[in-house]
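Shown below is the structure under consideration.
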Amino acid sequence: MSKSQQAYTYLRDRITSGAFGPGYRLVLGQIATELGFSTVPVREAIRMLEAEGAVTFVHNVGAQVTMLDSGIYHETMENLSLVEGFATAQSAPSLTASDIAEAREINAQMRALTESDTLDAAKFTKLNQAFHGVLFQHCENSHISDLVRRGWHRLETLRESSFGFVPGRSVESVNEHEALVALIESGAEPAEVETVARQHRLNTMNAVLHSIEAKDTSFP
């Protein structure tokens, strides 16, 4: 990778992990020193993150990790529910017994995480992506598949960890996964699969938004 790409990966990893939280100042010289680079590739990396919406330039402050609100999360999740639901429905008829078994194995790992004393939200989220990746892998519309991945990417740069914000949702999500897999395995019509897959994503969105409203607080 080029130095600007290395700097981008370094910064993005820290933003998505929460190490650099909302409002965190990205001091050009400090980051360049940490990486052993000049400020030029770091500046380019910050500009790339700005284009993704993960970084904002504030007057008299400089570059900082974007402060986000529930509206951005709502928009992203709503859009993702549409494309992910469609991709899953289009892929469903082509899923093999091996694919179904893989999805169930991933979901079993997710269920195990819900049974621990403290939910590892980051790991749970990665497994969640892997689970859905199995289900829509045979979608023949490459543009739709790309939109799904772009939605996931945007959620990552928004530092989305719905399951960390609403831990109780994780158990419901695992149960909905099993129901979705069983529906696909039964040979249900694509339209029904699409509806269930879409609602699954919306259920997570609604749980987070309801929690924000109930607590009268900003999205973390």
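The values are calculated or read from the model by the stated rules, or taken from the named source; none is laboratory data. Fair warning: this is a prediction, and the values are worked out from it, not measured in the lab. Heads up, the Cβs are rebuilt from the backbone with ideal geometry, glycines too, and the neighbour counts pull from every protein chain shown.
Here are some conditions: (1) in a helix (DSSP H, G or I); (2) under 30 Å from residue 199 (Cα atoms). Residue 116 meets all but one. Which one does it not meet?
Tallying (1) in a helix (DSSP H, G or I); (2) under 30 Å from residue 199 (Cα atoms), residue 116 fails exactly one: (1).
Free of Cβ contacts under 8 Å to residues at least 24 places away in the same chain and of a type in the set (Phe, Trp, Tyr): is that true of residue 131 in this structure?
Judged against the criteria, residue 131 is not a match.
For segment 28-50: of the residues being of a type outside the set (S, T, N, Q) and exposed (fewer than 14 other Cβ atoms within 10 Å of the Cβ), which is nearest to residue 123 (Cα to Cα)?
34
Among helices (runs of 4 or more DSSP H) lying entirely in segment 1-93, which contain 1 or more residues that are assigned by TED's automatic domain parsing to the domain that holds residue 211 and touching a His at 6+ places or on another chain (Cβ under 6 Å)?
Fully inside segment 1-93 and qualifying: 70-91.
Can you spot a residue in segment 76-92 that is free of Cβ contacts under 8 Å to residues at least 60 places away in the same chain, under 23 Å from residue 122 (Cβ atoms) and not aromatic (Phe, Trp, Tyr)?
Within segment 76-92 (the criterion being free of Cβ contacts under 8 Å to residues at least 60 places away in the same chain, under 23 Å from residue 122 (Cβ atoms) and not aromatic (Phe, Trp, Tyr)), the answer is no, since none of the residues qualifies.
Let me ask something additional. Out of segment 26-50, which residues are touching a residue at least 40 places away in the same chain (Cβ under 8 Å) and of a type outside the set (A, V, I, L, M)?
Once the filter is applied, which keeps residues that are touching a residue at least 40 places away in the same chain (Cβ under 8 Å) and of a type outside the set (A, V, I, L, M), segment 26-50 yields only 44.
Can you name the number of the only condition in (1) touching a Phe, Trp or Tyr at 6+ places or on another chain (Cβ under 6 Å); (2) surrounded by fewer than 13 Cβ atoms within 10 Å (Cβ to Cβ) that residue 91 fails?
If we test residue 91 against (1) touching a Phe, Trp or Tyr at 6+ places or on another chain (Cβ under 6 Å); (2) surrounded by fewer than 13 Cβ atoms within 10 Å (Cβ to Cβ), just (2) comes out false.
Let me ask another. Residue 126 is checked against (1) in contact with a helix residue (DSSP H, G or I) (Cβ under 7 Å, 6 or more places away or on another chain); (2) closer than 19 Å to residue 16 by Cβ and fails just one. What number does that condition carry?
So residue 126 meets the others, but not (1).
Give the residues of segment 51-75 that are in contact (Cβ under 8 Å) with a residue 12 or more places away in the chain, under 20 Å from the mean Cα position of the chain (by Cα) and surrounded by fewer than 15 Cβ atoms within 10 Å (Cβ to Cβ), sorted by residue number.
Passing the criteria: 53, 67, 69.
Answer yes or no: is there a residue in segment 208-220 that is over 23 Å from residue 16 (Cβ atoms) and at pLDDT 95 or above.
No, segment 208-220 has no match at all.
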